[in-house]
């Protein structure tokens with residue numbers, strides 16, 4: 001039912017690294033088992049990423065001009081219309097929820113998850129800030145889904161640090177909801193439904209069984225979460241998690257507790273690889289939408305490329321919708337288990 005398809009191609013050139021002796025460059029094209037989208041594994045000698053020093057970031061984006069710092073929220077952030085939630089801004093403990101200035105979807109909200117202007121990646125996870133923000137946004141999305149029955153797609157997302165595309169340094173998490181899903185979100189829901197109609201089983205359950213059988217990319221599993229490295233990665237360090245629930249709106253405390261523990265291991269691994277930032281996205285079906293889908297997420301490590309500090313995405317990703325990685329997913333899984341799994 002599931003095929004892990006790949007094709008290897010080679011290109012020989014005279015390499016200055018090998019004293020201009022013939023060198024066989026190798027590219028491994030992999031097909032995603034569900035979507036059939038391809039990604040490319042570039043076989044090239046790599047070394048550990050250089051440590052990125054974050055000391056200058058607060059000086060480049062000081063608290064005085066940060067809209068998410070507590071003293072600036074009243075005057076520098078947007079407000080909801082009272083007809084939506086009954087309040088212009090929402091407070092849940094240390095979390096403040098506001099509309100996003102940039103409207104990416106019918107509903108686009110931000111959870112400011114800490115009063116501190118800048119926090120280390122491990123701190124926002126280990127101290128519970130990130131998961132608390134996600135918990136709050138799940139409740140917000142529930143209220144949106146109850147109010148607006150036209151909403152068919154919803155997700156929770158996070159860009160951490162400038163290399164992830166985040167324009168604001170202050171820790172925050174975002175949620176979007178609307179009638180038209182993103183390309184990838186629409187695709188995985190549709191493909192999962194087609195898989196279920198053809199085989200009578202949920203793709204995500206079958207995928208877990210296949211990954212267990214191969215044993216190459218499974219990292220760990222709990223009662224409520226399954227952590228693995230996807231066969232066709234979206235970047236150099238791409239980690240996936242599959243929940244047992246269909247919708248993120250159905251996630252309960254035990255699900256989030258297991259997720260928090262898994263996320264702690266992911267950022268521990270990222271830090272060991274000198275990767276300071278990440279993109280994170282939850283993908284979800286709507287509640288009571290059938291048995292073909294399981295809520296899942298991808299978290300992708302992001303860093304700048306030395307010596308110019310270039311972004312780690314290029315035309316392949318932005319224009320060709322093609323992901324590349326210089327690290328084998330099987331190597332990522334092996335290293336993570338060595339470092340993080342007790």
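For region 167-217, taking the residues that are free of Cβ contacts under 8 Å to residues at least 12 places away in the same chain and outside any helix (DSSP H, G or I), the one that is farthest from residue 94 (Cα to Cα) is identified as 200.
Residue-level check: of (1) under 17 Å from the mean Cα position of the chain (by Cα); (2) under 29 Å from residue 276 (Cα atoms), residue 186 misses just (2).
Evaluation of residue 266 against the conditions (1) at pLDDT 95 or above; (2) not in a helix (DSSP H, G or I) shows that the sole unmet condition is (2).
Taken over region 154-165, the criterion of being over 13 Å from the mean Cα position of the chain (by Cα) and either part of a helix (DSSP H, G or I) or without any contact (Cβ under 8 Å) to a residue 60 or more places away in the chain (or both) is satisfied by 162, 163. On inspection, residue 68 passes the criterion of being surrounded by 16 or more Cβ atoms within 10 Å (Cβ to Cβ) and out of contact with any helix residue (DSSP H, G or I) (no Cβ under 8 Å at 6 or more places or on another chain).
Applying the set (1) touching a strand residue (DSSP E or B) at 6+ places or on another chain (Cβ under 6 Å); (2) in contact (Cβ under 8 Å) with a residue 24 or more places away in the chain; (3) in a loop (DSSP other than H, G, I, E, B) to residue 116 leaves exactly one unmet item: (1).
When residue 203 is tested against the conditions (1) surrounded by 17 or more Cβ atoms within 10 Å (Cβ to Cβ); (2) out of contact with any strand residue (DSSP E or B) (no Cβ under 6 Å at 6 or more places or on another chain); (3) farther than 18 Å from residue 240 by Cα, the lone failure is (3). Scoring residue 140 on the criteria (1) assigned to a helix (DSSP H, G or I); (2) in contact (Cβ under 8 Å) with a residue 40 or more places away in the chain; (3) loosely packed, with under 14 Cβ neighbours inside 10 Å leaves a single failure, condition (3). Checking the structure you have, find out if any residue of region 236-246 is modelled with pLDDT under 95 and under 21 Å from residue 182 (Cβ atoms). Among the residues of region 236-246, not one is modelled with pLDDT under 95 and under 21 Å from residue 182 (Cβ atoms), which makes the answer no.
When region 289-313 is limited to residues that are touching a strand residue (DSSP E or B) at 6+ places or on another chain (Cβ under 8 Å) and in a loop (DSSP other than H, G, I, E, B), the one that is surrounded by the fewest Cβ atoms within 10 Å (Cβ to Cβ) turns out to be 311. Taking residue 254, is it assigned to a helix (DSSP H, G or I), free of Cβ contacts under 8 Å to residues at least 40 places away in the same chain, farther than 30 Å from residue 44 by Cα and over 17 Å from the mean Cα position of the chain (by Cα)? When the stated conditions are applied, residue 254 passes them. Within region 314-329, the set of residues being surrounded by 15 or more Cβ atoms within 10 Å (Cβ to Cβ) and within 22 Å of residue 272 (Cβ to Cβ) comprises 325, 327, 328, 329. For region 77-101, the tally of residues that are free of Cβ contacts under 8 Å to residues at least 40 places away in the same chain, touching a strand residue (DSSP E or B) at 6+ places or on another chain (Cβ under 7 Å), under 17 Å from residue 169 (Cβ atoms) and in a loop (DSSP other than H, G, I, E, B) stands at 1. Residues in region 274-288 that are closer than 30 Å to residue 148 by Cα and either exposed (fewer than 14 other Cβ atoms within 10 Å of the Cβ) or free of Cβ contacts under 8 Å to residues at least 40 places away in the same chain (or both): 287, 288. Whether a residue is at pLDDT below 95, surrounded by fewer than 11 Cβ atoms within 10 Å (Cβ to Cβ), part of a helix (DSSP H, G or I) and more than 23 Å from the chain's Cα centre (by Cα) was assessed, and residue 59 passes this test.
For region 29-52, taking the residues that are in a strand (DSSP E or B) and over 30 Å from residue 196 (Cβ atoms), the one that is farthest from the chain's Cα centre (by Cα) is identified as 43.
Condition check: touching a strand residue (DSSP E or B) at 6+ places or on another chain (Cβ under 7 Å), without any contact (Cβ under 8 Å) to a residue 60 or more places away in the chain and surrounded by 12 or more Cβ atoms within 10 Å (Cβ to Cβ). Does residue 15 satisfy that? Here the answer is yes, as residue 15 does meet what is asked.
The values are calculated or read from the model by the stated rules, or taken from the named source; none is laboratory data. As the structure is a computational prediction, the values presented were derived from the model and not from experiment. Backbone-built Cβ (ideal geometry, glycine too); neighbour counts: all protein chains shown.
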